[in-house]
Amino acid sequence: MKNIIKISLMSACIGLGLSSCQSDLTSLNDDPKHPSVLPSENLLATALYQSSYYMDNPSVNFNNYRFFTQQWAETQYPDESQYNLVTRNQPRNHFNRMYVYSLNNIKQAKINLKKEVETDDIRVNKLATLEIEEIFIWENLVDTYGDIPYSEAFKPDEIITPKYDDAKTIYIDLIKRIDAVIATIKPAAAGYSDLVYGGNMTKWKKFANSVKLRLGMNLADVDPTLSKTTVESAIVGGVISSDDEAYKFKYDGNTFSNPVFDNLVASNRNDFLPSQLVVNTMSSLSDPRMDVWFTKVNGVYKGGVFGELNDPYTNFSQLGPYFRSSTTASNLLSYAEVAFLKAEAAARGYSAGGTAAVLYETAVTASLNENGVNPTNIITYLAANPYNAANWKQSIGVQAWIALFNRGFASWNFTRRLDSPALVNPPKSNLSSVPYRMPYSDQEYVLNGANVNAAASKIGGDKATTKLFWDKF
């Protein structure tokens with residue numbers, strides 16, 4: 001009952017106002033006859049699940065990344081593909097899932113870990129895992145909203161209404177934190193597990209460097225010098241180099257189910273379709289992944305018109321069985337994505353471990369392999385769709401956008417940074433252009449009004465059409 005009361009009260013504290021009331025609510029969980037502290041591993045497991053599930057969630061009530069990249073279309077209720085971000089409060093819902101359900105658990109896990117009996121090396125590795133996951137979530141937040149509460153967040157005894165930090169300043173700090181935590185890792189130590197890498201610290205290190213690589217590439221057009229040094233350092237340090245090293249949260253289909261399954265199958269939502277833009281683009285390239293991903297209508301692939309109230313669902317290609325399993329992992333930083341980032345780095349003149357053309361082929365091949373395309377078809381596809389050095393942004397941008405289909409956040413970074421493929425604002429859009437960021441949570445205007453208003457003014461207006469600091473073109 002005490003937990004139920006706490007959860008009910010927490011709903012009144014959602015947003016960063018949670019920090020100010022968390023310490024008062026904690027006592028409601030105290031059982032004087034059976035005192036206990038939730039183990040750090042349990043808190044990490046909760047944070048891993050919450051962050052993975054909701055970064056990957058296609059629900060119209062959350063992040064809507066798949067509509068921001070125009071890879072999915074809707075039939076019955078096209079509000080989200082018309083960029084209505086108000087009715088369902090997506091900005092609030094994603095903000096709360098990342099801060100309250102993800103970061104807050106990691107912060108508490110770090111506190112609890114200090115009191116747990118562990119060997120020094122295992123304690124160091126547990127702390128490193130928590131720190132790397134926390135950085136990963138911060139990256140999602142800053143690349144979704146821009147300036148956010150960061151340095152003053154989660155300080156209930158000192159600050160009730162935290163300021164919004166400058167997004168580039170956060171970037172710089174995250175890069176420093178990655179370097180610092182990597183230096184602490186003890187790869188040989190064993191003795192605990194986690195839900196992503198099973199306690200394999202070599203893989204956690206590669207994941208941390210891959211997050212650093214992604215941060216570095218996003219800086220390319222706003223701070224080329226910092227971008228180059230960050231990217232090259234990450235690659236030298238060792239990034240994800242196989243599908244086995246990708247950051248995947250695995251679902252068992254019982255306790256945890258894949259969020260796409262939950263929305264397409266368990267919720268029986270006959271509405272989501274591959275968009276006409278995706279289907280037509282892939283058709284023009286004779287892309288063999290279509291046979292894996294989509295169904296046919298009368299022998300052909302037919303995508304839904306983005307942002308329009310379409311004909312009946314059955315008149316269009318649908319997302320196939322590949323996306324409908326309850327046990328499919330959320331692949332939130334894949335080998336293919338890392339390979340495309342390296343190809344882009346080489347195209348920009350960075351030292352990336354190969355030429356842009358070779359790394360481009362590596363990236364495309366990684367995605368085709370991931371989707372079970374046979375070697376003969378891979379060779380044919382690469383021959384028909386070679387790297388174009390004269391228009392590398394289009395070559396890399398379009399292929400990354402396809403490879404990252406159903407990985408909305410990762411794909412959104414590429415479309416914002418490379419502006420390829422060109423996304424057209426639908427005729428019935430609620431915005432003046434396609435979205436470049438998520439607006440701030442409406443609850444922040446109630447709980448933290450002065451700071452969120454200052455942030456909105458600083459970035460040029462709290463609008464979905466306001467570009468992030470690194471999105472310069």
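Which numbered condition in (1) assigned to a helix (DSSP H, G or I); (2) over 21 Å from the mean Cα position of the chain (by Cα) is the only one that LYS155 fails?
The single condition LYS155 does not satisfy is (1).
The rows are residues; the columns are (1) assigned to a helix (DSSP H, G or I); (2) modelled with pLDDT of 90 or more; (3) out of contact with any Lys or Arg (no Cβ under 7 Å at 6 or more places or on another chain); (4) closer than 29 Å to TYR247 by Cα.
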| residue | (1), (2), (3), (4) |
| --- | --- |
| SER23 | yes, no, yes, no |
| THR26 | yes, no, yes, no |
| LYS33 | no, no, yes, no |
| SER36 | no, no, yes, no |
| VAL60 | no, yes, no, yes |
| PHE67 | yes, yes, yes, yes |
| PRO91 | yes, yes, yes, yes |
| HIS94 | yes, yes, yes, yes |
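I need a count of the residues in segment 168-191 that are at pLDDT below 95 and crowded, with 17+ Cβ neighbours inside 10 Å.
1
Does PHE207 satisfy the criteria of being touching a strand residue (DSSP E or B) at 6+ places or on another chain (Cβ under 8 Å), modelled with pLDDT of 95 or more and of a type outside the set (A, V, I, L, M)?
Yes, satisfied.
Just to check your reading of the model, which residue among ALA266, ALA234 is under 21 Å from the mean Cα position of the chain (by Cα) and of a type in the set (A, V, I, L, M, F, W, C)?
Result: ALA234 is the single residue among ALA266, ALA234 that is under 21 Å from the mean Cα position of the chain (by Cα) and of a type in the set (A, V, I, L, M, F, W, C).
Can you tell me which residues in segment 299-353 are of a type in the set (Asp, Glu) and in a loop (DSSP other than H, G, I, E, B)?
Across segment 299-353, the qualifying residues are GLU308, ASP311.
For segment 139-152, check the following and say yes or no: at least one residue is assigned to a helix (DSSP H, G or I), closer than 19 Å to LYS110 by Cβ and among the β-branched types (Val, Ile, Thr).
No, segment 139-152 contains no residue that is assigned to a helix (DSSP H, G or I), closer than 19 Å to LYS110 by Cβ and among the β-branched types (Val, Ile, Thr).
Hey, among the residues in segment 299-317 that are of a type in the set (D, E, K, R) and in contact (Cβ under 8 Å) with a residue 60 or more places away in the chain, which one's farthest from ILE402 (Cα to Cα)?
Residue satisfying both the conditions and the ranking: ASP311.
Taking the residues in segment 102-139 that are free of Cβ contacts under 8 Å to residues at least 12 places away in the same chain and either basic (Lys, Arg) or closer than 19 Å to ILE178 by Cα (or both) as candidates, determine which candidate is surrounded by the fewest Cβ atoms within 10 Å (Cβ to Cβ).
Only one residue fits best here, namely LYS114.
Out of curiosity, is TYR150 crowded, with 18+ Cβ neighbours inside 10 Å and either in contact with a strand residue (DSSP E or B) (Cβ under 7 Å, 6 or more places away or on another chain) or among the aromatic types (Phe, Trp, Tyr) (or both)?
yes
Take segment 293-322 and flag every residue that is at pLDDT below 95 and aromatic (Phe, Trp, Tyr).
TYR313, TYR322
I want to confirm something. Restricting to segment 272-298 and keeping residues that are part of a helix (DSSP H, G or I) and touching a residue at least 24 places away in the same chain (Cβ under 8 Å), which single residue is nearest to ASN374 (Cα to Cα)?
Applying the filter and picking the extreme gives VAL292.
Going by what's in this entry, would ARG437 be described as of a type outside the set (Gly, Ala, Ser), touching a Phe, Trp or Tyr at 6+ places or on another chain (Cβ under 9 Å) and either at positive phi or assigned to a helix (DSSP H, G or I) (or both)?
The answer is no for ARG437.
Looking at (1) assigned to a helix (DSSP H, G or I); (2) touching a Gly at 6+ places or on another chain (Cβ under 7 Å), which is the only condition THR75 fails?
Going through the list (1) assigned to a helix (DSSP H, G or I); (2) touching a Gly at 6+ places or on another chain (Cβ under 7 Å), THR75 breaks only (1).
Quick check: is even one residue across segment 330-340 at positive phi and at pLDDT 95 or above?
Checking segment 330-340: not a single residue is at positive phi and at pLDDT 95 or above.
Please state which one of MET290, MET217 is under 26 Å from ALA329 (Cα atoms), out of contact with any Asp or Glu (no Cβ under 8 Å at 6 or more places or on another chain), at pLDDT 95 or above and surrounded by 18 or more Cβ atoms within 10 Å (Cβ to Cβ).
Answer to the selection: MET290.
Yes/no per residue for (1) β-branched (Val, Ile, Thr); (2) modelled with pLDDT of 95 or more:
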site	(1), (2)
ASP221	no, yes
LEU226	no, yes
THR229	yes, yes
GLU245	no, yes
SER257	no, yes
PHE261	no, yes
SER267	no, no
LEU277	no, yes
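Pairs under 6 Å by beta carbon, first residue within 10 Å of LYS205 (Cα to Cα) and without any contact (Cβ under 8 Å) to a residue 40 or more places away in the chain in segment 181-193, partner surrounded by 15 or more Cβ atoms within 10 Å (Cβ to Cβ) and of a type outside the set (Val, Ile, Thr), six or more apart or different chains?
PRO187/MET201
Looking at segment 112-149 only, could you name the residues that are more than 30 Å from SER193 (Cβ to Cβ) and of a type outside the set (D, E, K, R)?
TYR145, GLY146, ILE148, PRO149
The values are calculated or read from the model by the stated rules, or taken from the named source; none is laboratory data. Keep in mind that this is a model prediction, so the values were computed, not measured. Glycine also receives a Cβ, built like all others from the backbone with ideal geometry; neighbour counts cover every protein chain displayed.
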